[in-house]
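S.K.: My questions will all concern the structure given below.
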Amino acid sequence: MLSEAPKEKTIPAAILPRTVITTGRGGGSAPAAELKVTAHDVAAVSKLKKDAPWYARRRLAALKTFAALPMPGLSDEAWRRTDIRAYHWGDVVLPGGAVKAKAAARIPPALLKPLVGKNQGGQLIQVPGEKVESDLAATLKKQKVVFTDFITATKKYPDLVKKHLGKVVPMNEGKFSALAEAMADYGLFVYVPKNTAVELPLHSVAWLSGASHFGRILIVVDDGASATVVHETSSPNGKSGLHAATVEVKVGKKARLTFVELQSLGEDVWNFTHERVKVAREGHIDWIFVATGSRVTKNFSELALDGDGAVGKMSGYYFTENEQHLDHDTQQNHNAPNTTSDLLFKGALKDKSRSVWQGMIYVAPGAQKTDGYQANRNLVLSKAARADSIPGLEIMADDVRCTHGATVGRLEDEHIFYLMARGMSRKDAERVVVDGFFDPILQRIPFEGVRERLKRSIEAKMM
């Protein structure tokens, strides 16, 4: 059975799939320029990171892949609403040639505070080119849990990394996934052995400053294991740059993972990421996205439910302002029967900002008894802001339940008047309405620290 959520009030003009809204400086009318990356550049970052020989070779293989793939453009369906032609590719400073950023002392203390409970099982702090600090509880070390930066993992745990690396997000996934592999200068590696329960959360913070940066995140929760991982990628305002990363997550049979991912990059950073989570039989993933930063983001996030009875929950929050452009492309793939996915993305937009959300639920042939849900809700707070919301279904089985919905709306004058009539200023009334709009997504987040962070970000954006 295939059903569709009831229609809600929308602004049709805001969700029309128009092709051209230019992003960035200078109008973007010229053909896309290529980012030049050479074997010398790769060798420089490899030397800087003192790579193991096997990973140095892998970087060069990724460079060949990068060179062979075309730069994405408006003729590509996935990119037709995000124009990157205006980016100053010639200004990109690659990690191997970067001057050290001297930014460690400027990491905002709020980034280092536990977001999930008062205690942590481990914390990893990275300032690429300057420092890596890692701490893991002794009990977890005894249980053979691995929690370290990615570059260290390639040298200290080569067999484990090689076993899983590139199996979820291959280097040829896209132009920027190949770039992230070739030029990786920071990242995270987590491995939780079979039947191991990590009770306290693992907290990773990457503070990026100076050059452009490229990340590799690899998380493996083996059969019967469980963990909570929080990873934040952040950078100061006033620092332009390019950021590209891949996120690979494997959740084994009957394993459970809560993955909280926060993006608070500086206002001039252009951010491109490829992310995928694979869930095996009766595995469970609770995947929480928070996106408040960057000048431009193009994010591909895919949930692959590969085993019978696998469950995936995706919760997304974004709040754009000024001329930010955030484009999230989500995919929920039901590749096995009796699988369940539940996606809710909510965002608010101010000033001249723009959001794009394009989602797809795919049900493979034979994936009967699938239960899939996706919804995107947008609140437009200014006349110049725009939200594109495009849900989709591709159903190849006949005994499923799949629903989707998308709405784009503005602040209701009636709601504002009601609150003002009871003594509130208009500004306070608008803040209350926005808080109420986001409340459903906050309730899906089981951690008070993350909810408080989002509430503070809403207050800051509404100032």
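The values are calculated or read from the model by the stated rules, or taken from the named source; none is laboratory data. All values reported here derive from a predicted model rather than from experimental measurement. Note that we place each Cβ from the backbone using ideal geometry, even for glycine, and neighbour counts take in every protein chain shown. Side chains included, ligands, DNA and RNA excluded: accessible areas come from the protein's heavy atoms. Shrake-Rupley method; radii C 1.70, N 1.55, O 1.52, S 1.80 Å.
S.K.: Counting just the residues of segment 392-412 that are hydrophobic (A, V, I, L, M, F, W, C) and in a strand (DSSP E or B), which one comes out farthest from residue 336 (Cα to Cα)?
M.R.: For segment 392-412, the residue satisfying everything is 408.
S.K.: Separate question: Looking only at segment 332-367, count how many residues are polar (S, T, N, Q), closer than 15 Å to residue 282 by Cα and open to solvent by 30 Å² or more (accessible area, probe 1.4 Å).
M.R.: So the answer is 3.
S.K.: Moving on to the next point. Can you tell me how many residues in segment 413-444 are farther than 27 Å from residue 342 by Cβ and open to solvent by less than 60 Å² (accessible area, probe 1.4 Å)?
M.R.: Selection size over segment 413-444: 6.
S.K.: Something else: What is the one condition in (1) outside any loop (DSSP other than H, G, I, E, B); (2) of a type in the set (A, V, I, L, M); (3) at pLDDT below 65 that residue 43 does not satisfy?
M.R.: Here residue 43 clears every test but (3).
S.K.: Still on this structure, I have one more. Identify the single condition in (1) more than 20 Å from the chain's Cα centre (by Cα); (2) crowded, with 19+ Cβ neighbours inside 10 Å; (3) outside any strand (DSSP E or B) that residue 379 does not satisfy, given that it satisfies every other one.
M.R.: (3)
S.K.: Also, I was wondering about something else. Going residue by residue through segment 133-147, is there one that turns out to be crowded, with 22+ Cβ neighbours inside 10 Å and either of a type in the set (Lys, Arg) or out of contact with any Cys (no Cβ under 9 Å at 6 or more places or on another chain) (or both)?
M.R.: Taking every residue of segment 133-147 in turn, at least one turns out to be crowded, with 22+ Cβ neighbours inside 10 Å and either of a type in the set (Lys, Arg) or out of contact with any Cys (no Cβ under 9 Å at 6 or more places or on another chain) (or both).
S.K.: While we're here: Restricting attention to segment 182-192, does a residue exist that is open to solvent by 10 Å² or more (accessible area, probe 1.4 Å), more than 20 Å from residue 266 (Cα to Cα) and modelled with pLDDT of 95 or more?
M.R.: The answer is yes; a qualifying residue exists.
S.K.: Considering 197, 227, 206, 138, which residue is without any contact (Cβ under 8 Å) to a residue 24 or more places away in the chain and more than 16 Å from residue 58 (Cα to Cα)?
M.R.: Going through 197, 227, 206, 138 in turn, the sole match is 138.
S.K.: Follow-up question, since we're still on this one. One residue is enough: does segment 386-400 have a residue meeting the conditions more than 22 Å from the chain's Cα centre (by Cα) and at pLDDT below 95?
M.R.: Scanning segment 386-400 turns up at least one residue that is more than 22 Å from the chain's Cα centre (by Cα) and at pLDDT below 95.
S.K.: Also, quick follow-up: Based on this model, can you work out whether residue 456 counts as of a type in the set (Lys, Arg), farther than 23 Å from residue 312 by Cβ and outside any loop (DSSP other than H, G, I, E, B)?
M.R.: It is true that residue 456 is of a type in the set (Lys, Arg), farther than 23 Å from residue 312 by Cβ and outside any loop (DSSP other than H, G, I, E, B).
S.K.: Additional query: Please give the number of the condition residue 237 fails out of (1) without any contact (Cβ under 8 Å) to a residue 60 or more places away in the chain; (2) surrounded by fewer than 24 Cβ atoms within 10 Å (Cβ to Cβ); (3) within 14 Å of the chain's Cα centre (by Cα).
M.R.: Only one criterion is unmet by residue 237, namely (3).
S.K.: Do you know which of the residues in segment 197-212 that are in a loop (DSSP other than H, G, I, E, B) and closer than 15 Å to residue 258 by Cβ is most open to solvent (accessible area, probe 1.4 Å)?
M.R.: In this case the residue turns out to be 199.
S.K.: Another question, if that's okay. Only one residue in 179, 115, 160 is touching a Phe, Trp or Tyr at 6+ places or on another chain (Cβ under 8 Å), open to solvent by less than 20 Å² (accessible area, probe 1.4 Å) and more than 23 Å from residue 42 (Cα to Cα), so which one is that?
M.R.: The unique qualifying residue is 115.
S.K.: While we're looking at this one, here's another question. Considering each residue of segment 69-90, count those that are assigned to a loop (DSSP other than H, G, I, E, B) and either in contact with a strand residue (DSSP E or B) (Cβ under 6 Å, 6 or more places away or on another chain) or surrounded by 13 or more Cβ atoms within 10 Å (Cβ to Cβ) (or both), and give that number.
M.R.: So the answer is 14.
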